[in-house]
Amino acid sequence: MQYYDHADHLGSSSYITNLDAQIVQHVAYVPFGEVFIEERNQSRNTPYLFNGKELDEETGLGITIRGSLSF
């Protein structure tokens, strides 16, 4: 199934909709990227969250390592 990501001004995933324009997932964040509200009506969960980066399971933040180390 195909989904559409409706990002906010920072590139963060705010709403995810399906082909029928039904909201599948809604995510809201506190200012530094922690998930404040997460609602979904299907089992699908987008990996791209705050600033469009994948969620780091260890820290719980949207951090992407690109050619550098994370301490």
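The values are calculated or read from the model by the stated rules, or taken from the named source; none is laboratory data. Just so we're clear, the structure is a prediction, and the values are computed from it rather than from any experiment. Here the Cβ positions follow ideal geometry from the backbone for every residue, glycine too, while neighbour counts run over all protein chains shown.
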Candidate set from the stretch 22-47 (those that are over 13 Å from Tyr3 (Cβ atoms) and aliphatic (A, V, I, L, M)); member that is modelled with the lowest pLDDT: Val35
Of all residues making up the stretch 1-38, the number that are among the polar types (S, T, N, Q), part of a loop (DSSP other than H, G, I, E, B) and under 12 Å from Phe50 (Cα atoms): 1
Selection from the stretch 48-71 of residues that are surrounded by 10 or more Cβ atoms within 10 Å (Cβ to Cβ) and either assigned to a strand (DSSP E or B) or at pLDDT 70 or above (or both): Tyr48, Leu49, Phe50, Asn51, Gly52, Lys53, Glu54, Leu55, Asp56, Leu61, Gly62
Long-range neighbours under 9 Å by Cβ, at least six apart or interchain, first residue surrounded by 13 or more Cβ atoms within 10 Å (Cβ to Cβ) within the stretch 16-29, second aliphatic (A, V, I, L, M) and outside any strand (DSSP E or B): Asn18/Met1; Val27/Leu49; Tyr29/Leu10; Tyr29/Leu49
